[in-house]
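Chemist: Provided herewith is a single structure, encoded as structure tokens, for subsequent inquiry.
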Amino acid sequence: MEESNKTEDIVNYFGKCVIEEVYDPALYGVNRVIDLTTKNPIDQKNYSVFSSFTEEQKEKLKELMKTTTVDIIYRFLEMIEEHDEEFKVVIENGSESYSLTDISEKMGSEIADIEDEEGWINQFSKL
């Protein structure tokens, strides 16, 4: 396999993990709270105010939560990149090791949530 394809696959695997194990579960959970379909009694009690929201208000709140979640992940990835000397994220693939910040052009931009972009969200999110 060509080196650029291998490193792109590694970055995409990391992104797939971020989306499937962080982004999707977080939004799934918050959407259930907003829709009042959560089974968690504490959330049901704490967020019962959402029952008075219109569908449009609920959708706007979901959009805000999606934007906020993307922003948090973006800023976290940018922080890792900014402090690369202190925080080393090393991906091991067989006998080889790759620094995530070395093989990604700009980690934060990998998440791209723009409809015509092929960022991690568009590639891997099931929401």
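The values are calculated or read from the model by the stated rules, or taken from the named source; none is laboratory data. The structure displayed is predicted, hence computed values, not measured ones. We place every Cβ from the backbone using ideal geometry, glycine too, and count neighbours over all the protein chains shown.
Chemist: Does the range 20-44 hold any residues that are among the acidic types (Asp, Glu) and more than 22 Å from Glu110 (Cβ to Cβ), and which are they?
Modeler: Scanning the range 20-44 gives Asp35, Asp43.
Chemist: Quick check on this structure: which one of Glu21, Glu56, Glu8, Glu96 is farther than 21 Å from Lys126 by Cβ, at pLDDT 95 or above, surrounded by fewer than 16 Cβ atoms within 10 Å (Cβ to Cβ) and not hydroxyl-bearing (Ser, Thr, Tyr)? Quick ask: steps written out before the conclusion?
Modeler: On the way: Glu21 fails: farther than 21 Å from Lys126 by Cβ; Glu8 fails: at pLDDT 95 or above; Glu96 fails: at pLDDT 95 or above.
Result of the check over Glu21, Glu56, Glu8, Glu96: Glu56.
Chemist: Please specify each residue of the range 2-58 satisfying the condition of being within 30 Å of Val89 (Cβ to Cβ) and polar (S, T, N, Q).
Modeler: First, the residues of the range 2-58 that are within 30 Å of Val89 (Cβ to Cβ): 2-31.
Selection gives Ser4, Asn5, Thr7, Asn12, Asn31.
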